[in-house]
Amino acid sequence: MALKDMARIEEDKDISPLTSVSDDIYPYGLRISLTEAELEKLGVDHSDWEIGDTFHLHGLAKVVSISQNASEDHESVCVSLQFTHLAGPESEDEEDAEEEAEDDEPSLEKHGYLRHK
């Protein structure tokens, strides 16, 4: 799976008197926050992290809302996702163990995942 850079290009930036001007080129809605409890569940030692470091993360998210809006000159769509399952970087040994355990895992249908690719 190829990763896509979600940075806004200059034309995408919608600055108005009601929005704050920020140097952040990534939309606020793409930001997630993990507390010590979530980092502990992921088995992540964050003690040596610094601002600007990169953390590789895999996730599964449920679609919780879809909204569409149209006007004379503009049409927009917004899809809201709720992350329900996250995984941090894995070693090769962990990946092999995960593949063996896949047959024993419960169905994700109880979390509302009727379709996912």
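Within segment 44-73, restricting attention to residues that are part of a loop (DSSP other than H, G, I, E, B) and surrounded by 11 or more Cβ atoms within 10 Å (Cβ to Cβ), the residue that is nearest to the chain's Cα centre (by Cα) is 57.
When you look at residue 76, is it of a type outside the set (A, V, I, L, M, F, W, C), surrounded by fewer than 11 Cβ atoms within 10 Å (Cβ to Cβ) and at pLDDT 90 or above, yes or no? Here the answer is yes, as residue 76 does meet what is asked. Among the residues of segment 16-37, is any polar (S, T, N, Q), assigned to a loop (DSSP other than H, G, I, E, B), out of contact with any Ser or Thr (no Cβ under 6 Å at 6 or more places or on another chain) and modelled with pLDDT of 90 or more? Among the residues of segment 16-37, at least one is polar (S, T, N, Q), assigned to a loop (DSSP other than H, G, I, E, B), out of contact with any Ser or Thr (no Cβ under 6 Å at 6 or more places or on another chain) and modelled with pLDDT of 90 or more, which makes the answer yes.
Just one of the listed residues (65, 47) is modelled with pLDDT of 95 or more and of a type in the set (Gly, Ala, Ser), and it is 65.
The values are calculated or read from the model by the stated rules, or taken from the named source; none is laboratory data. Computed from a prediction, not measured in an experiment: that's the story for all the values here. Positions of Cβ are backbone-derived with ideal geometry, glycine not excepted, and every protein chain shown enters the neighbour counts.
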